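What follows is one structure encoded as structure tokens, with my remarks underneath.
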Amino acid sequence: MKHIARKRFGQHFLTDGGIIDAIVRAIDPRPGQRMVEIGPGLAALTQPLVERVGHLTVIELDRDLAQRLRGHGQLSVIESDVLKVDFSLVNAAWPATDFVAFTKPETPPIQKLRVVGNLPYNISTPILFHLLDAVDSIEDQHFMLQKEVIDRMVAQPATSDYGRLSVMLQWRYAMENVLFVPPESFDPPPRVDSAVVRMLPLAQPPALDAARLAELVQVAFSQRRKLLRHTLGRWLEAQGFTGQFDVQRRAEEVPVADYVSLVQQLAPASV
């Protein structure tokens with residue numbers, strides 16, 4: 001029976017064989033690797049991936065699609081909203097999918113997860129932030145997203161695309177836009193261009209309070225056309241900050257390293 005794409009799940013199924021091959025080459029899956037696919041849909045990408053790794057764990061919210069996928073002998077299926085999945089537990093319990101009562105081991109697994117997927121455009125940013133919580137359990141991430149989102153993810157300072165998303169991801173990942181994907185590669189075609197991003201967690205990320213950074217960056221970009229003295233400057237005063245930081249700049253002019261340095265100078269947030 002043909003599966004009808006469900007708008008509430010943001011479903012657009014990849015059908016272009018050439019694009020699928022290009023994505024698989026970009027991911028470069030190897031036998032035995034721990035690979036997790038978010039939103040496998042009709043398994044267009046799933047099948048070539050599992051043929052190369054041998055076993056694949058998939059996360060699928062759509063009940064009908066999850067049922068179909070369970071018939072595949074090389075797949076472990078987690079039927080869930082991806083935002084409710086603890087990826088560090090998925091790695092610790094590998095390859096089991098019944099990990100609700102599983103506790104994290106004292107010593108993290110040596111092998112890490114490779115996470116891939118065609119992310120629903122309507123919740124792509126929450127998924128990216130959710131994965132930050134489990135970044136220590138992840139080797140790399142390859143996602144198909146709305147091209148506009150990837151442009152913001154990889155943007156450099158002093159550009160119109162540079163913003164909160166750029167800073168919140170670049171402090172923790174090295175990222176690269178690796179492939180353009182036109183709308184006609186999908187059924188039904190989305191109304192936007194897509195692309196594939198590669199995200200490599202930094203081996204030695206700066207030590208900081210990620211929640212504090214998120215708060216700081218949100219304040220900085222709340223009025224991005226104004227100089228920071230009107231927004232972040234006042235916020236820093238309220239925090240009792242006495243260090244040096246140039247607030248005669250706009251938020252988009254401040255490099256990621258400067259935001260990182262600033263949050264490292266701040267006192268921890270009061271509980």
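The values are calculated or read from the model by the stated rules, or taken from the named source; none is laboratory data. These numbers were taken from a predicted model, which means no experiment stands behind them. All Cβ positions, glycine included, derive from the backbone under ideal geometry; neighbour counts span all protein chains shown. Only protein heavy atoms, including side chains, enter the accessible area calculation; ligands, DNA and RNA are left aside. Shrake-Rupley method; radii C 1.70, N 1.55, O 1.52, S 1.80 Å.
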Discussion item. Taking the solvent-accessible surface of protein heavy atoms with a 1.4 Å probe, what is the per residue accessible area of the chain in Å²?
Written reply: 51
Discussion item. Need the full-extension length gain, His72 to Arg191, defined as separation in residues times 0.36 nm minus the C-alpha distance. One decimal, nm.
Written reply: 39.6 nm
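Of all beta bridges DSSP finds with both residues in the chain, what is the antiparallel percent, to the nearest 5?
Of those bridges, close to 50 percent are antiparallel.
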Item to complete: Give me the number: length gained by fully extending Gln223 to Gln111, i.e. 0.36 nm times residue separation minus the C-alpha to C-alpha distance, one decimal in nm.
Response: 36.1 nm
Response to the item:
Quick calc: nm separation of the 7 Å Cα→Cβ label points for Ala214 and Ala22 -> 3.4
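Can you bin the chain into rounded, prolate or oblate? Criterion: square roots of the alpha carbon gyration tensor eigenvalues sorted a ≥ b ≥ c, rounded for a/c under 1.5, prolate for a/b above b/c, oblate for the rest. Write out the running numbers ahead of the final one.
Details: a/c = 2.30, a/b = 1.63, b/c = 1.42.
Prolate shape, in that a/c is at least 1.5 and a/b is the bigger ratio.
How much FRET efficiency would the formula 1/(1 + (r/R0)^6) give for Phe241 and Leu132, where r is the Cβ-Cβ distance and R0 is 30 Å, rounded to 0.05? Can you show the working numbers first?
Values: r = 25 Å, r/R0 = 0.82.
Using R0 = 30 Å, I get an efficiency of 0.75.
Computing the accessible area with a 1.4 Å probe over protein heavy atoms, can you report the carbon and sulfur percentage for the chain? Numbers along the way, then the final one.
Values: 6800 of 13690 Å².
Carbon with sulfur: 50 percent of the solvent-accessible area.
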